[in-house]
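Some notes on the structure that comes next.
Read the figures in this text as sums done on the coordinates, not as results from a lab. As the structure is a computational prediction, the values presented were derived from the model and not from experiment. All Cβ positions, even for glycine, are placed from backbone atoms using ideal geometry, and neighbour counts span all protein chains on display.
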Amino acid sequence: MQSILWTVDRLSTFIGKVFAWCALLLTLLISWEVFSRYALNNPHAWVLDAQIMLYGTLFMTAGAYTLSKNGHVRGDVLYGFFQPRTQATVDLVLYIVFFLPGIIALTWAGWIYAGESLAIREQTFSADPLPLYPFKYVIPLAGFTLLLQGFVEIVRCIQCIKSGAWPAREDDVQEVDVDKLKEMVNVKDEDIAALDAVVVAQEKNK
């Protein structure tokens, strides 16, 4: 079972990292347009539409990736104090009551929405129109991957309720890996505690 969960995690991670390149494309596109507009006096009407589509693609396809890393924002004023079983129970109820109906509706409506857009070969409303229907197919794609990852998270909740501990997740790139940073500078937790004690003592002596 764990291998299946990690397989879906890897799929969500792969999709997220592939579409993360939209951030670079977006940066290059905006930089080029600013240079073209102000240095060359040659603006392009289609660039704004392209920016919106790239940002929308980046935003939507990051959903399943973020969920696979348990990275979505939650109001954990009380949640963080709960035992794992209680956390899993709360999550399971929320997934079933809110997440599944919402994402199923998003995926289904997005597929119909994209199909209608393809049928009329929908374009953007600008002087230099861009095809809009390929972008709209990102909606059901994002919905499907988010739904698939959601089922994995439901399984994790059930496993946690049974075992009392959250199942392991695969490691991924973190903003700051504190443990590796400590290893690089040869600092141990004991050293940090001793330094804190010295600082506290100095503050008391002032």
**Q.** Radius 15 Å from Cβ of residue 96, net charge of other residues (Lys, Arg +1; Asp, Glu -1)
**A.** -1
Q: Could you tell me, in Å, what Rg and Dmax come out for the Cα atoms of segment 101-146?
A: 11.7, 39
Q. Over the Cα atoms of segment 2-168, how large are the radius of gyration and the largest Cα-Cα distance (Dmax), in Å?
A. 19.9, 65
**Q.** Point-charge dipole on Cβ atoms (K/R +1, D/E -1) for segment 53-146, about Cα centre, debye to 20
**A.** 220 debye
Q: For each of 53, 1, count neighbouring Cβ atoms within 10 Å of the residue's Cβ, then give the residues from fewest to most.
A: 1, 53
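Only Cα pairs under 8 Å and at least 6 apart count here; give the relative contact order of segment 2-168 as a rounded whole percent.
Numbers: 172 pairs, mean separation 48.4, N = 167.
Reported as a whole number, the value is 29 percent.
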